[in-house]
Amino acid sequence: MKTFPTWPNERDLARYAELTQLDFDDCLAKGTTWIDVGCRTGKALSQMFKKKKIVPVGVNAHQMKVRSGIHSVFAALPEDSSVYQQYQRGADLVTDIYGAVAYADNPLNVLIYEACLLKGKAQAVIITLEEKIISIDQEIFQQLKSFFKTVMGQSIKFKKFTTYSDNTKSPIKTLRITIQGSCHSNLNLQDLFNEGKKHIGMARKTKVLYQSRDATAQIWQVVYE
Ligand SMILES: C[S@@+](CC[C@H](N)C(=O)[O-])C[C@H]1O[C@@H](n2cnc3c(N)ncnc32)[C@H](O)[C@@H]1O
(Lines give C-alpha, C1' and ligand atoms only; values in the text may rest on other atoms or scores of the structure.)
Protein backbone atom coordinates (compact mmCIF):
# COMPACT_ATOMS: atom_id res chain seq x y z
CA MET A 1 0.00 0.00 0.00
CA LYS A 2 1.32 3.45 -0.95
CA THR A 3 2.14 6.00 1.79
CA PHE A 4 0.13 9.19 1.95
CA PRO A 5 1.28 12.10 -0.28
CA THR A 6 1.36 15.73 0.96
CA TRP A 7 -1.99 16.94 -0.28
CA PRO A 8 -3.81 20.11 0.86
CA ASN A 9 -6.58 19.95 3.45
CA GLU A 10 -9.39 17.47 3.04
CA ARG A 11 -12.68 18.82 1.65
CA ASP A 12 -15.79 18.84 3.82
CA LEU A 13 -19.45 18.12 3.02
CA ALA A 14 -20.16 21.75 2.08
CA ARG A 15 -17.30 21.76 -0.44
CA TYR A 16 -18.44 18.37 -1.80
CA ALA A 17 -21.93 19.87 -2.29
CA GLU A 18 -20.47 22.87 -4.10
CA LEU A 19 -18.42 20.75 -6.49
CA THR A 20 -20.99 18.03 -7.15
CA GLN A 21 -24.07 20.31 -7.02
CA LEU A 22 -25.72 17.54 -4.98
CA ASP A 23 -28.14 18.11 -2.14
CA PHE A 24 -26.88 15.29 0.08
CA ASP A 25 -29.92 15.49 2.38
CA ASP A 26 -32.14 14.99 -0.62
CA CYS A 27 -30.33 12.07 -2.21
CA LEU A 28 -29.45 10.10 0.93
CA ALA A 29 -32.04 8.72 3.35
CA LYS A 30 -31.29 6.87 6.59
CA GLY A 31 -29.79 3.44 5.86
CA THR A 32 -28.72 4.22 2.27
CA THR A 33 -25.20 3.49 1.07
CA TRP A 34 -22.79 6.25 0.00
CA ILE A 35 -19.46 5.09 -1.43
CA ASP A 36 -16.85 7.86 -1.56
CA VAL A 37 -13.90 6.77 -3.73
CA GLY A 38 -10.83 8.64 -2.52
CA CYS A 39 -12.46 9.60 0.77
CA ARG A 40 -9.20 10.27 2.62
CA THR A 41 -10.17 10.24 6.36
CA GLY A 42 -13.83 10.45 5.31
CA LYS A 43 -14.64 13.96 6.58
CA ALA A 44 -17.68 14.45 4.29
CA LEU A 45 -18.91 10.87 4.81
CA SER A 46 -18.64 11.26 8.55
CA GLN A 47 -20.54 14.57 8.57
CA MET A 48 -23.38 12.91 6.65
CA PHE A 49 -23.29 9.81 8.86
CA LYS A 50 -23.81 12.01 11.92
CA LYS A 51 -26.76 13.78 10.27
CA LYS A 52 -28.61 10.80 8.76
CA LYS A 53 -27.22 7.42 9.87
CA ILE A 54 -26.38 6.42 6.31
CA VAL A 55 -24.03 3.53 5.51
CA PRO A 56 -20.77 5.34 4.69
CA VAL A 57 -18.18 3.43 2.65
CA GLY A 58 -14.79 5.05 2.12
CA VAL A 59 -12.24 3.83 -0.43
CA ASN A 60 -8.57 4.85 -0.48
CA ALA A 61 -5.58 3.72 -2.49
CA HIS A 62 -3.25 5.07 0.22
CA GLN A 63 -2.94 3.84 3.77
CA MET A 64 -4.37 6.27 6.32
CA LYS A 65 -6.52 6.45 9.43
CA VAL A 66 -10.18 6.64 8.44
CA ARG A 67 -12.79 8.18 10.78
CA SER A 68 -14.86 5.92 13.03
CA GLY A 69 -18.19 4.61 11.71
CA ILE A 70 -16.91 4.43 8.12
CA HIS A 71 -16.62 1.08 6.34
CA SER A 72 -13.10 1.54 5.09
CA VAL A 73 -11.66 -0.30 2.08
CA PHE A 74 -8.09 0.14 0.90
CA ALA A 75 -8.10 -0.57 -2.83
CA ALA A 76 -6.68 1.09 -5.93
CA LEU A 77 -9.34 1.21 -8.65
CA PRO A 78 -9.68 -0.11 -11.30
CA GLU A 79 -7.11 -2.89 -10.75
CA ASP A 80 -8.36 -4.03 -7.33
CA SER A 81 -11.80 -5.60 -7.74
CA SER A 82 -12.63 -5.92 -4.02
CA VAL A 83 -15.01 -2.91 -3.95
CA TYR A 84 -16.77 -4.24 -7.06
CA GLN A 85 -17.12 -7.69 -5.52
CA GLN A 86 -18.57 -6.32 -2.31
CA TYR A 87 -20.74 -3.48 -3.58
CA GLN A 88 -21.77 -4.30 -7.18
CA ARG A 89 -25.19 -2.62 -7.72
CA GLY A 90 -25.13 -1.80 -3.99
CA ALA A 91 -24.65 1.97 -3.79
CA ASP A 92 -27.28 4.71 -3.62
CA LEU A 93 -24.59 7.29 -4.31
CA VAL A 94 -20.98 7.13 -5.47
CA THR A 95 -18.71 10.16 -5.35
CA ASP A 96 -15.14 10.53 -6.52
CA ILE A 97 -13.75 13.99 -5.76
CA TYR A 98 -10.25 14.26 -7.24
CA GLY A 99 -9.87 10.57 -6.39
CA ALA A 100 -9.52 7.48 -8.58
CA VAL A 101 -10.66 8.99 -11.91
CA ALA A 102 -8.22 11.88 -11.46
CA TYR A 103 -5.24 9.77 -10.38
CA ALA A 104 -5.70 6.55 -12.38
CA ASP A 105 -3.82 5.82 -15.58
CA ASN A 106 -7.02 4.56 -17.20
CA PRO A 107 -9.90 6.80 -16.06
CA LEU A 108 -12.36 5.06 -18.40
CA ASN A 109 -11.94 1.81 -16.47
CA VAL A 110 -12.56 3.67 -13.21
CA LEU A 111 -15.76 5.17 -14.67
CA ILE A 112 -16.91 1.69 -15.72
CA TYR A 113 -16.04 0.32 -12.26
CA GLU A 114 -17.88 3.10 -10.42
CA ALA A 115 -20.90 2.78 -12.75
CA CYS A 116 -21.13 -0.92 -11.80
CA LEU A 117 -21.56 0.02 -8.12
CA LEU A 118 -24.86 1.88 -8.72
CA LYS A 119 -28.32 0.68 -7.75
CA GLY A 120 -31.30 1.33 -10.08
CA LYS A 121 -32.02 4.96 -9.24
CA ALA A 122 -28.57 5.85 -7.99
CA GLN A 123 -25.97 8.23 -9.40
CA ALA A 124 -22.22 8.65 -9.42
CA VAL A 125 -20.72 12.14 -9.42
CA ILE A 126 -17.06 12.46 -10.30
CA ILE A 127 -14.90 15.58 -10.14
CA THR A 128 -11.61 15.77 -12.00
CA LEU A 129 -9.48 18.22 -13.94
CA GLU A 130 -11.00 19.30 -17.26
CA GLU A 131 -7.93 18.20 -19.19
CA LYS A 132 -7.80 14.71 -17.66
CA ILE A 133 -9.41 12.79 -20.51
CA ILE A 134 -9.13 13.56 -24.21
CA SER A 135 -9.27 11.50 -27.38
CA ILE A 136 -7.18 11.77 -30.51
CA ASP A 137 -10.22 12.85 -32.56
CA GLN A 138 -11.48 15.14 -29.73
CA GLU A 139 -14.85 13.39 -29.58
CA ILE A 140 -14.39 11.64 -26.28
CA PHE A 141 -17.62 12.88 -24.67
CA GLN A 142 -19.77 11.62 -27.57
CA GLN A 143 -17.89 8.31 -27.62
CA LEU A 144 -18.36 7.87 -23.87
CA LYS A 145 -22.07 8.73 -24.07
CA SER A 146 -22.56 6.16 -26.80
CA PHE A 147 -20.52 3.50 -24.97
CA PHE A 148 -22.40 3.98 -21.70
CA LYS A 149 -25.77 3.95 -23.46
CA THR A 150 -25.22 0.91 -25.67
CA VAL A 151 -22.96 -1.30 -23.56
CA MET A 152 -23.68 -0.29 -19.95
CA GLY A 153 -27.30 0.90 -20.37
CA GLN A 154 -26.55 4.03 -18.33
CA SER A 155 -26.55 7.73 -19.01
CA ILE A 156 -23.37 9.78 -18.61
CA LYS A 157 -23.18 13.59 -18.62
CA PHE A 158 -20.30 16.03 -18.62
CA LYS A 159 -20.18 19.58 -17.30
CA LYS A 160 -17.14 21.83 -17.54
CA PHE A 161 -16.85 24.61 -14.97
CA THR A 162 -14.25 26.74 -13.27
CA THR A 163 -13.72 26.47 -9.55
CA TYR A 164 -10.78 27.45 -7.33
CA SER A 165 -7.90 25.38 -6.12
CA ASP A 166 -8.48 24.48 -2.45
CA ASN A 167 -4.77 24.91 -1.96
CA THR A 168 -3.71 28.10 -3.80
CA LYS A 169 -7.20 29.57 -4.45
CA SER A 170 -6.25 30.05 -8.12
CA PRO A 171 -8.87 29.26 -10.83
CA ILE A 172 -8.99 25.64 -11.88
CA LYS A 173 -10.76 24.21 -14.93
CA THR A 174 -12.81 21.31 -13.73
CA LEU A 175 -14.93 18.51 -15.14
CA ARG A 176 -18.02 17.07 -13.44
CA ILE A 177 -19.10 13.65 -14.70
CA THR A 178 -22.50 12.24 -13.71
CA ILE A 179 -23.56 8.63 -14.33
CA GLN A 180 -27.15 7.58 -13.66
CA GLY A 181 -28.93 4.26 -13.18
CA SER A 182 -27.56 0.76 -12.72
CA CYS A 183 -25.52 -1.16 -15.28
CA HIS A 184 -27.74 -3.37 -17.46
CA SER A 185 -24.93 -5.44 -18.94
CA ASN A 186 -24.32 -9.04 -17.88
CA LEU A 187 -20.63 -8.81 -18.74
CA ASN A 188 -18.15 -9.08 -15.89
CA LEU A 189 -15.86 -6.17 -15.00
CA GLN A 190 -12.92 -7.36 -17.10
CA ASP A 191 -15.12 -7.88 -20.15
CA LEU A 192 -16.58 -4.39 -19.68
CA PHE A 193 -13.01 -3.01 -19.61
CA ASN A 194 -12.33 -4.88 -22.86
CA GLU A 195 -15.49 -3.43 -24.44
CA GLY A 196 -14.39 0.02 -23.27
CA LYS A 197 -11.03 -0.46 -24.98
CA LYS A 198 -12.77 -1.56 -28.20
CA HIS A 199 -15.13 1.44 -28.23
CA ILE A 200 -12.94 4.23 -26.85
CA GLY A 201 -9.37 3.03 -27.38
CA MET A 202 -6.17 2.47 -25.47
CA ALA A 203 -5.21 4.91 -22.72
CA ARG A 204 -1.84 6.64 -23.05
CA LYS A 205 -0.43 9.05 -20.45
CA THR A 206 0.72 12.29 -22.08
CA LYS A 207 1.58 15.02 -19.55
CA VAL A 208 1.48 15.72 -15.85
CA LEU A 209 -1.36 18.12 -14.98
CA TYR A 210 -0.76 18.24 -11.22
CA GLN A 211 1.50 16.71 -8.63
CA SER A 212 1.41 16.62 -4.85
CA ARG A 213 3.97 18.78 -3.05
CA ASP A 214 6.19 15.78 -2.30
CA ALA A 215 5.78 14.60 -5.94
CA THR A 216 4.64 11.12 -4.91
CA ALA A 217 1.20 11.46 -6.58
CA GLN A 218 0.52 12.80 -10.08
CA ILE A 219 -2.54 13.53 -12.15
CA TRP A 220 -1.65 12.64 -15.74
CA GLN A 221 -3.56 13.70 -18.79
CA VAL A 222 -4.67 10.60 -20.66
CA VAL A 223 -5.26 10.36 -24.41
CA TYR A 224 -7.44 7.60 -25.90
CA GLU A 225 -6.26 6.33 -29.26
C1 LIG B 1 -6.42 14.44 -3.24
S2 LIG B 1 -7.14 13.19 -2.23
C3 LIG B 1 -8.86 13.69 -2.31
C4 LIG B 1 -9.55 13.44 -0.98
C5 LIG B 1 -11.00 13.91 -0.87
N6 LIG B 1 -11.87 13.31 -1.86
C7 LIG B 1 -11.10 15.41 -0.93
O8 LIG B 1 -11.67 15.92 -1.90
O9 LIG B 1 -10.60 16.10 -0.01
C10 LIG B 1 -7.11 11.76 -3.31
C11 LIG B 1 -7.72 10.51 -2.70
O12 LIG B 1 -7.95 9.58 -3.77
C13 LIG B 1 -7.43 8.31 -3.43
N14 LIG B 1 -7.05 7.64 -4.68
C15 LIG B 1 -6.14 8.03 -5.59
N16 LIG B 1 -6.06 7.13 -6.58
C17 LIG B 1 -6.96 6.16 -6.29
C18 LIG B 1 -7.34 4.94 -6.91
N19 LIG B 1 -6.77 4.56 -8.07
N20 LIG B 1 -8.29 4.18 -6.32
C21 LIG B 1 -8.86 4.55 -5.15
N22 LIG B 1 -8.53 5.69 -4.51
C23 LIG B 1 -7.60 6.48 -5.07
C24 LIG B 1 -6.27 8.59 -2.50
O25 LIG B 1 -5.93 7.46 -1.73
C26 LIG B 1 -6.84 9.78 -1.71
O27 LIG B 1 -7.63 9.31 -0.66
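For the reader, a short list of remarks on this structure follows.
- Filtered residues of the range 207-222 (kept if among the β-branched types (Val, Ile, Thr) and buried (at least 17 other Cβ atoms within 10 Å of the Cβ)): 219, 222
- Any hit, the range 43-53, residues being surrounded by 13 or more Cβ atoms within 10 Å (Cβ to Cβ), in contact with a Phe, Trp or Tyr (Cβ under 9 Å, 6 or more places away or on another chain) and small (Gly, Ala, Ser): yes
- Residues located in the range 1-22, provided they are in contact with a helix residue (DSSP H, G or I) (Cβ under 7 Å, 6 or more places away or on another chain) and not hydroxyl-bearing (Ser, Thr, Tyr): 10, 11, 12, 13, 17
- The helices (runs of 4 or more DSSP H) falling completely within the range 53-159 that include 1 or more residues that are small (Gly, Ala, Ser), within 29 Å of residue 9 (Cβ to Cβ) and within 12 Å of the ligand (Cβ to nearest atom) map to 82-87, 100-103.
- Inter-residue pairs, beta-carbon under 8 Å, first under 18 Å from residue 218 (Cβ atoms) and in the range 1-12, second polar (S, T, N, Q) and modelled with pLDDT under 85, 6+ apart: 8/167
- Scan of the range 99-115 for residues that are surrounded by 20 or more Cβ atoms within 10 Å (Cβ to Cβ) and not hydrophobic (A, V, I, L, M, F, W, C), ordered by number: 99, 103, 106, 107, 109, 113, 114
- One residue stands out in the range 178-206 among those that are touching a residue at least 60 places away in the same chain (Cβ under 8 Å), touching a helix residue (DSSP H, G or I) at 6+ places or on another chain (Cβ under 7 Å) and not aromatic (Phe, Trp, Tyr): the one that is surrounded by the fewest Cβ atoms within 10 Å (Cβ to Cβ), namely 189.
- Check on residue 48, of a type outside the set (S, T, N, Q) and not in a loop (DSSP other than H, G, I, E, B): yes
- Taken as a whole, the condition of being surrounded by fewer than 16 Cβ atoms within 10 Å (Cβ to Cβ) and of a type in the set (A, V, I, L, M) applies to residue 29.
- Counting only residues that are surrounded by fewer than 13 Cβ atoms within 10 Å (Cβ to Cβ) and among the hydroxyl-bearing types (Ser, Thr, Tyr), the range 154-177 holds 5 of them.
- Scanning the range 1-33 for residues that are more than 19 Å from residue 128 (Cα to Cα) and either touching a Ser or Thr at 6+ places or on another chain (Cβ under 7 Å) or away from the ligand (no atom under 12 Å from the Cβ) (or both) yields 23, 24, 25, 26, 27, 28, 29, 30, 31, 32, 33.
The values are calculated or read from the model by the stated rules, or taken from the named source; none is laboratory data. Note that this is a predicted model, so its numbers are computed, not measured. Note that each Cβ is placed from the backbone with ideal geometry, even for glycine, and that neighbours are counted across all protein chains shown.
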